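The values are calculated or read from the model by the stated rules, or taken from the named source; none is laboratory data. The structure presented is a predicted model; accordingly, all values stated were derived computationally and were not measured. Using ideal geometry, Cβ is built from the backbone for each residue, glycine included, and neighbour counts are taken over all protein chains shown.
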Amino acid sequence: MKQTESSFISGFFKLESAGGILLMIAAVIAVVLANTPLERVYNLLLETPVELRIGGLEIAKPLLLWINDGLMAIFFFLIGLELKRELIEGELADKKNVIMPGIAALGGMVIPALIYVAFNWGDDTALSGWAIPAATDIAFALGILSLLGSRVPLSAKVFLTSLAIFDDIGAILIIALFYTSKISMIALILVAVSTVVLYLFNRFNVEAKSLYIFVGVIMWVSMLKSGVHATLAGVLLAFFIPLNSKKKPGTSPLKSMEHDLHTVVAFVILPIFAFANAGINLGGINSEQIFHGVTLGVALGLFAGKQIGVFGFCWLAIKLKIGSLPQGMNWSVLYGIAALSGIGFTMSLFIGSLAFEQTGVDLLFDERVGIILGSLASGLVGYFFLNRTLKKDVEVA
């Protein structure tokens, strides 16, 4: 049993790391295309109108929004599946394993947001992006950790993953509470009806995945029309998928779906999202844009805010005897993890698109530059610090 669990964890981290590397490649390709004569083709591709019509029901969006609202709903569905499993039988089922990552995630959301607000105070439009630097990209962070090989203690990987899970919970709540548009009550009623149907499926041990997916699609369309961000349908659907089968003991519909989706999300959905959202034309950069409050707030929020928040809150918790460092970790490793948590690429880009598409003002350029600068600096500092620290630890041992 222990060997099986170890193999599962090992396979999981290898998959996430490989996905993170592919994510980097997709982002680089997008930036290259956006800075060559192919920029026009790149933009035309993302602006391609895609329309779905069934009778009077119409969903018409450019390809970019189908990616951000549609494919990302599958990403959030996977997050929901992971959350449910972790809360019931994973690392987060044990309260001792919840305290420190939870505190770290709280600090890693609060401090970056405060730094962003400090740089943009008085600008109501810019303040819409306060949550952008609060996110951590687990695929990128684990991709960087993978470059350090077996020197990284498993407890550090578990801590970073748990931190990111709490970070995702925070992001989900932020999107639900702060990034919704005008509410349609009829559509929300359909969401509520879909939720009741999913509950009844779960309550009466319905295990047909196709039925859950069918109702989930109806819920997604209803959320899309309701004004509440459609990706939240993915999280809500996930929490009704049965963890353990009553009809086939020893099997798990949830784990089966999670396993199947990991490959699709890591190697298809997230790279497509990165490709669609990371393309920045760097030709027009000037000092005014670099030192814009949005750019600085995001970049310093991710780089400095995450380090101060994650490391500082953990230090305070340990001094107050609220928690303790996981076995196998020391202060140096914790600082390296805090630095890596400043890689906010995927979720930061996603929240940024929500924040500024609602204002009607194009600040996406500033936001994306800040995300890339902050994430790049965090990744480099985290990697080189851990590379030096872990090497010394090995020599001492």
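Here is how the numbers come out for the structure above:
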{"quantity": "Complete set of residues in region 45-92 that are surrounded by 14 or more Cβ atoms within 10 Å (Cβ to Cβ), of a type in the set (A, V, I, L, M, F, W, C) and over 23 Å from L33 (Cβ atoms)", "calculated": "I59, A73, I74, F76, F77, L78, I79, L81, L83, L87, L92"}
{"quantity": "Qualifying helices (runs of 4 or more DSSP H) (wholly inside region 257-307; at least 2 residues being in contact with a Gly (Cβ under 6 Å, 6 or more places away or on another chain) and either of a type in the set (D, E, K, R) or in contact (Cβ under 8 Å) with a residue 24 or more places away in the chain (or both))", "calculated": "293-300"}
{"quantity": "Answer from F365, F311 - the residue that is at pLDDT below 90 and not acidic (D, E)", "calculated": "F365"}
{"quantity": "Conditions (1) buried (at least 21 other Cβ atoms within 10 Å of the Cβ); (2) modelled with pLDDT of 90 or more; (3) not β-branched (V, I, T): number failed by L114", "calculated": "(1)"}
{"quantity": "Members of region 153-174 that are in contact with a Leu (Cβ under 8 Å, 6 or more places away or on another chain), hydrophobic (A, V, I, L, M, F, W, C) and either within 10 Å of A105 (Cα to Cα) or surrounded by fewer than 22 Cβ atoms within 10 Å (Cβ to Cβ) (or both)", "calculated": "L160, I165, F166, I169, I172"}
{"quantity": "Subset of region 25-57 [among the hydroxyl-bearing types (S, T, Y) and in a helix (DSSP H, G or I)]", "calculated": "Y42"}
{"quantity": "From the options G80, G107, residue that is assigned to a helix (DSSP H, G or I) and under 16 Å from the mean Cα position of the chain (by Cα)", "calculated": "G80"}
{"quantity": "Boolean, A113 is touching a Phe, Trp or Tyr at 6+ places or on another chain (Cβ under 7 Å), closer than 25 Å to A27 by Cα and not β-branched (V, I, T)", "calculated": "yes"}
{"quantity": "Residue within region 235-256 that is at pLDDT below 90, part of a helix (DSSP H, G or I) and closer than 23 Å to M109 by Cβ present", "calculated": "yes"}
